[in-house]
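A.B. asks: Following this message is one structure expressed as structure tokens.
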Amino acid sequence: MVTLSDNELKMPGRKSSKGNQLKFEKDGIWYKADYLGYEGLAEYVISGLLAHSDLNRDEYVTYNLDRISYNGQVFNGCASLDFTDGWQLVTLERLFKQSYGSGLNHMIYSIEDHTERLEMLVEQVERLTGIEDFGQYMCKVLTVDALFLNDDRHTHNIAVLTDGQGHYKPSPIFDNGAGLLSDTMLEYPMNRDILELIDRAQPKIFCDDFAQQLEIAENLYGRTISFDYDYNDISNMVKDITDYSEDIRQRVIEVVMQTRRKYQYLFK
């Protein structure tokens with residue numbers, strides 16, 4: 001367990017659609033407290049399963065479970081190392097706001113065609129940053145979101161890194177805590193049928209269907225990730241966790257296996 005204070009509290013300037021999760025930074029480690037359900041478990045499981053993909057380890061953030069003591073309360077949550085390594089994180093929302101005076105979110109929704117939305121984002125990021133193949137990076141992000149049902153990807157948690165000297169590179173994929181139906185308070189109550197809840201989960205950037213969003217990205221930029229995990233991998237990952245109940249752990253396993261079946265073509 002880690003004890004954190006107001007001095008380490010790092011609240012974002014914008015609330016996501018999933019609320020204002022407590023976030024802290026201490027000694028080069030970032031901590032996030034669960035807010036609407038089991039976000040920390042989702043981060044831990046998703047990053048663990050990304051280790052069973054052909055992504056390089058520096059292409060995604062690895063999360064570990066932790067208990068957080070703050071202001072007299074104890075929260076489940078997760079921790080991750082600061083991945084910036086002296087570079088500055090710039091969200092795409094801020095990048096577009098600084099460059100065009102208008103945020104990316106507004107620009108996306110001014111375009112009706114879903115494919116053109118993604119094409120615009122990729123073309124403009126490449127023009128502003130000089131990053132090549134940003135389309136392949138976005139396809140990786142959208143593959144992760146579809147496979148793990150991350151319904152809270154938005155223009156504040158897609159980002160690039162800059163060294164302040166005009167050089168840019170894609171950020172590692174981060175902020176997957178809204179995946180795996182982790183919001184048990186508002187969107188995905190524990191007493192509802194899991195298949196119904198999986199069907200309800202929707203992305204929020206380019207369209208309202210995970211499979212369609214991924215199909216758009218793959219048609220434009222090709223298939224970018226393959227995976228090789230199975231039931232034993234996910235079961236072994238969660239079986240000894242005591243900070244989350246058995247029904248939560250079983251639900252995570254079932255969600256992972258259901259989406260694995262749906263996107264079987266992504267597996268070796």
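The values are calculated or read from the model by the stated rules, or taken from the named source; none is laboratory data. Keep in mind that this is a model prediction, so the values were computed, not measured. Positions of Cβ are backbone-derived with ideal geometry, glycine not excepted, and every protein chain shown enters the neighbour counts.
A.B. asks: Could you name every one of the helices (runs of 4 or more DSSP H) located completely within region 1-114 that has at least 1 residues being within 15 Å of the chain's Cα centre (by Cα)?
C.D. replies: On the way: elements: 39-50, 92-100, 104-109.
The helices (runs of 4 or more DSSP H) meeting that bar are 39-50, 92-100.
A.B. asks: A further question follows. So which residues in region 153-164 are crowded, with 23+ Cβ neighbours inside 10 Å and within 9 Å of the chain's Cα centre (by Cα)? Even if it seems obvious, please write down each step before you answer.
C.D. replies: So the first thing to find is which residues in region 153-164 are crowded, with 23+ Cβ neighbours inside 10 Å, and the list is 153, 155, 158.
Selection gives Arg153, Ile158.
A.B. asks: Still on this structure, please answer the following. One residue is enough: does region 230-252 have a residue meeting the conditions surrounded by fewer than 17 Cβ atoms within 10 Å (Cβ to Cβ) and under 19 Å from the mean Cα position of the chain (by Cα)?
C.D. replies: No, region 230-252 contains no residue that is surrounded by fewer than 17 Cβ atoms within 10 Å (Cβ to Cβ) and under 19 Å from the mean Cα position of the chain (by Cα).
A.B. asks: Name the single residue that is farthest from the chain's Cα centre (by Cα) among those in region 123-140 being crowded, with 21+ Cβ neighbours inside 10 Å and of a type in the set (A, V, I, L, M).
C.D. replies: Val125
A.B. asks: With region 178-268 as the region, which helices (runs of 4 or more DSSP H) entirely inside it contain at least 1 residues that are touching a Phe, Trp or Tyr at 6+ places or on another chain (Cβ under 6 Å)? Don't jump to the end; show me each part of the working.
C.D. replies: Details: elements: 194-200, 210-221, 231-238, 246-262.
It comes to 194-200, 210-221, 246-262.
A.B. asks: Could you list all residues from region 91-120 that are in contact with a strand residue (DSSP E or B) (Cβ under 7 Å, 6 or more places away or on another chain) and among the aliphatic types (A, V, I, L, M)?
C.D. replies: Leu92, Leu95
Each row is one residue, and each column tells you yes or no for (1) under 22 Å from Ala42 (Cβ atoms); (2) among the small types (Gly, Ala, Ser); (3) assigned by TED's automatic domain parsing to the domain that holds Cys207.
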{"residue": "Phe75", "(1), (2), (3)": "yes, no, no"}
{"residue": "Arg94", "(1), (2), (3)": "no, no, yes"}
{"residue": "Met107", "(1), (2), (3)": "no, no, yes"}
{"residue": "Ser110", "(1), (2), (3)": "no, yes, yes"}
{"residue": "Leu121", "(1), (2), (3)": "no, no, yes"}
{"residue": "Gln124", "(1), (2), (3)": "no, no, yes"}
{"residue": "Asp133", "(1), (2), (3)": "no, no, yes"}
{"residue": "Asp152", "(1), (2), (3)": "yes, no, yes"}
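A.B. asks: Return the residues of region 199-208 that are over 16 Å from Val144 (Cβ atoms) and surrounded by 15 or more Cβ atoms within 10 Å (Cβ to Cβ); say none if nothing qualifies.
C.D. replies: Result: Cys207, single match.
A.B. asks: A further question follows. Only one of (1) among the acidic types (Asp, Glu); (2) assigned to a helix (DSSP H, G or I); (3) touching a Cys at 6+ places or on another chain (Cβ under 8 Å) fails for Glu126. Which number is that?
C.D. replies: (3)
A.B. asks: Please name all residue pairs, on different chains or six or more residues apart, with Cβ atoms under 6 Å, provided the first residue is in region 247-268 and is under 17 Å from Phe227 (Cα atoms) and the second residue is buried (at least 18 other Cβ atoms within 10 Å of the Cβ) and among the aromatic types (Phe, Trp, Tyr).
C.D. replies: Every condition considered, the pairs that remain are Leu266/Phe227; Phe267/Phe227.
A.B. asks: Failed condition for Val61, given (1) more than 30 Å from Arg251 (Cβ to Cβ); (2) β-branched (Val, Ile, Thr); (3) touching a helix residue (DSSP H, G or I) at 6+ places or on another chain (Cβ under 7 Å), with all others met?
C.D. replies: Every listed condition holds for Val61 apart from (1).
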